[in-house]
Ligand SMILES: Nc1ncnc2c1ncn2[C@@H]1O[C@H](COP(=O)(O)OP(=O)(O)OP(=O)(O)O)[C@@H](O)[C@H]1O
Ligand SMILES: [Mg+2]
């Protein structure tokens, strides 16, 4: 009886806490929704929301941000993941130095980083291309600490070395070992690294604004300076957009994998 | 069902293996021959190179010197995925994203052992059955106990019908009861499939209990390899005598192949010192203990082990020995009893006095 009472107490507490957090998080969003559906005349309507789609610069900037996110994620998949895995498996001596390098962007203030890369970007925009996609280079640096951390956590949570050796003795080539055993094992770490990278790229403002590239956050900020209602509508829209992106991508990927595994067995 | 479980068995030769890690010589000219279908256990203190030897045989460790032959074929430079050896690791090594059955089938999905999917799943089920886990085929590693995980790992290693099975302390992470159980099961399965097996352990009971022959390693070399009884009764060195089982160091004079201990002339084993004062390494079972008036010692403590009883005895001449006697004889030999300690005249190993 007392055990039941106790668990009932815990349940109540849990609900209360969840409710509190939900209110704390949702209240500002509700306020944004409320504000964005008003207008100066005081009438309710979706005019501010409709206005979002009448901003060609914004649409273009969203496109750029998404492309940047895709490029950065690709860089993470094809450069960071193999490097970190290789260092873990074959070059344990390099683990510390690599970790240090990857964590460096955290220690350097964003503004310092910008000043540092600005001259390079000036050179690039004169001699190579003015495309905002060049931002992917500095972004992939920015996301390093987070992607490295999540990958390294995934690699450390299993004995990847033994798993790799087990697959080798069972007859796996290096390729089959990596793609059949190592990568699937650290999939969750790779996914969370990618999700963080996407969130970071879509939310980045300082660097792109100072380097004069028009990305999503830069455009939102610009519009905010002219029309408060539209700016709030856009902020909310981008919040929902990123949220959907970050929820939908991992679940579809996981689902696809489960289907594959089900087919396999 | 067990008719087609039988795998291939090959003869293995390790010749003069050498491997240094910096200044540490992990292998220092290790030579072992293993007959087809034989289970050899490698025993030795921590850091003596057992794992290194096993990994070298699997191809996971390159060597500085030496050669490895499997069925007369030189595999020294063959990559691990081409050696056809099944290995069970000390650490849990099941692939976490695969079910037990998928783990067992894994080797058969690879080019080296490619099998049609029907045959593959039949073989997978057969092996899970062999290790007694047919009901757990769909379980994922995190849903299995440590012992079950190691069973699946064994099934996975055997699925590819390896020429050689390598076991690196597969039981050391398990608790005592599961350990003895699984140990006997490994032996049963090994006999059933007939695969040549190298089993690394630092638990002598494990080694003596299941191996055809036991090799004792020290400092990267093989000190002695022999059937368990011979290793125990006729150790070739003081190290082996002291490492395997208990010994009582008893001082005595050596001459012409005999040592004088406890008033008795006892033959010495080959490798013992040949003259002077030496220390005989006497097994507790080799000591006879009687309660008589002409006592030469006093029981300090007695501990009951079931069928036998272990007596710690203070000798009146000085020193303390441990004797193991049948429990039926030990009734009158409680602590404080005056006893006469004598010696069954089995050969002993005698080392030089330090
Ligand atoms: N990769 C390595 N790098 C450096 N030294 C190593 C390496 N592997 C083994 N050694 C050293 O080689 C020696 C033998 O190691 P090995 O693992 O073969 O011992 P072992 O007999 O298996 O010991 P244990 O019973 O503790 O498992 C040890 O001194 C160890 O420190
Ligand atoms: Mg070891």
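The values are calculated or read from the model by the stated rules, or taken from the named source; none is laboratory data. In this text the structure is predicted, and so the values were computed from the model without any measurement. Cβ placement follows ideal geometry from the backbone for every residue including glycine, while neighbour counts extend to all protein chains displayed.
Going by the conditions given, is residue B:156 crowded, with 20+ Cβ neighbours inside 10 Å and more than 12 Å from chain A (Cβ to nearest Cβ)?
So residue B:156 does not fit the description; no.
Is it the case that some residue within the stretch A:107-128 is exposed (fewer than 13 other Cβ atoms within 10 Å of the Cβ), in the same structural domain as residue A:208 (by TED's automatic domain parsing) and under 16 Å from residue A:148 (Cα atoms)?
Yes, that holds for at least one residue.
Kindly indicate whether any position in the stretch B:226-237 is within 16 Å of ligand 1 (Cβ to nearest atom) and modelled with pLDDT under 95.
no
Do you know which residues across the stretch B:37-61 are away from chain A (no Cβ under 14 Å), in contact with a helix residue (DSSP H, G or I) (Cβ under 6 Å, 6 or more places away or on another chain) and within 13 Å of ligand 1 (Cβ to nearest atom)?
Correct list: B:41, B:42, B:43, B:44.
When you go through (1) surrounded by fewer than 22 Cβ atoms within 10 Å (Cβ to Cβ); (2) within 16 Å of ligand 2 (Cβ to nearest atom) one by one for residue B:54, which number turns out not to apply?
(1)
What single numbered condition from (1) within 29 Å of residue B:296 (Cβ to Cβ); (2) touching a strand residue (DSSP E or B) at 6+ places or on another chain (Cβ under 9 Å) fails to hold for residue B:227?
(1)
Of (1) within 8 Å of chain A (Cβ to nearest Cβ); (2) within 16 Å of ligand 2 (Cβ to nearest atom); (3) more than 12 Å from residue A:170 (Cβ to Cβ); (4) surrounded by 22 or more Cβ atoms within 10 Å (Cβ to Cβ), residue B:101 satisfies all except one. Which?
(2)
Spot the failing condition for residue A:197; the list is (1) in contact with a helix residue (DSSP H, G or I) (Cβ under 6 Å, 6 or more places away or on another chain); (2) farther than 30 Å from residue B:95 by Cα, and only one is missed.
(2)
Residue B:149 fails exactly one of the following numbered conditions: (1) within 13 Å of another protein chain (Cβ to nearest Cβ); (2) touching a strand residue (DSSP E or B) at 6+ places or on another chain (Cβ under 7 Å). What is the number of that condition?
Evaluating residue B:149 over (1) within 13 Å of another protein chain (Cβ to nearest Cβ); (2) touching a strand residue (DSSP E or B) at 6+ places or on another chain (Cβ under 7 Å) leaves (2) as the failure.
Tally up the residues in the stretch B:62-91 that are more than 10 Å from every other protein chain (Cβ to nearest Cβ), within 16 Å of ligand 1 (Cβ to nearest atom) and assigned to a loop (DSSP other than H, G, I, E, B), please.
Of the residues in the stretch B:62-91, 3 are more than 10 Å from every other protein chain (Cβ to nearest Cβ), within 16 Å of ligand 1 (Cβ to nearest atom) and assigned to a loop (DSSP other than H, G, I, E, B).
Check off (1) surrounded by fewer than 17 Cβ atoms within 10 Å (Cβ to Cβ); (2) closer than 13 Å to residue B:44 by Cβ for residue B:222 and give me the number that stays unchecked.
Only one criterion is unmet by residue B:222, namely (1).
Of these, A:138, A:190, A:80, which one is under 20 Å from the mean Cα position of the chain (by Cα), in contact (Cβ under 8 Å) with a residue 40 or more places away in the chain and closer than 30 Å to residue B:160 by Cβ?
The unique qualifying residue is A:190.
Out of B:37, B:66, which single residue is in contact (Cβ under 8 Å) with a residue 24 or more places away in the chain and over 22 Å from the mean Cα position of the chain (by Cα)?
Only one candidate passes the filter, namely B:66.
Looking at the stretch B:261-296, which of its residues are farther than 25 Å from residue B:354 by Cα and more than 33 Å from the chain's Cα centre (by Cα)?
B:290, B:291, B:292, B:293, B:294, B:295, B:296
Inspect the stretch B:109-125 for any residue being within 16 Å of ligand 1 (Cβ to nearest atom), free of Cβ contacts under 8 Å to residues at least 60 places away in the same chain and not in a loop (DSSP other than H, G, I, E, B) and give the result as yes or no.
Checked the stretch B:109-125: no residue is within 16 Å of ligand 1 (Cβ to nearest atom), free of Cβ contacts under 8 Å to residues at least 60 places away in the same chain and not in a loop (DSSP other than H, G, I, E, B).
Kindly establish whether residue B:171 is within 14 Å of ligand 2 (Cβ to nearest atom), within 14 Å of chain A (Cβ to nearest Cβ) and either surrounded by 15 or more Cβ atoms within 10 Å (Cβ to Cβ) or in a loop (DSSP other than H, G, I, E, B) (or both).
It is false that residue B:171 is within 14 Å of ligand 2 (Cβ to nearest atom), within 14 Å of chain A (Cβ to nearest Cβ) and either surrounded by 15 or more Cβ atoms within 10 Å (Cβ to Cβ) or in a loop (DSSP other than H, G, I, E, B) (or both).
From B:74, B:28, B:64, grab the single residue that is away from ligand 2 (no atom under 14 Å from the Cβ) and under 18 Å from residue A:169 (Cα atoms).
Just one listed residue meets the conditions, B:74.
Can you tell which of A:197, A:166 is away from chain B (no Cβ under 14 Å) and assigned to a helix (DSSP H, G or I)?
Only one candidate passes the filter, namely A:197.
Taking the options B:350, B:341, B:322, name whichever one is within 16 Å of residue B:234 (Cα to Cα) and buried (at least 17 other Cβ atoms within 10 Å of the Cβ).
On inspection, the qualifying residue turns out to be B:350.
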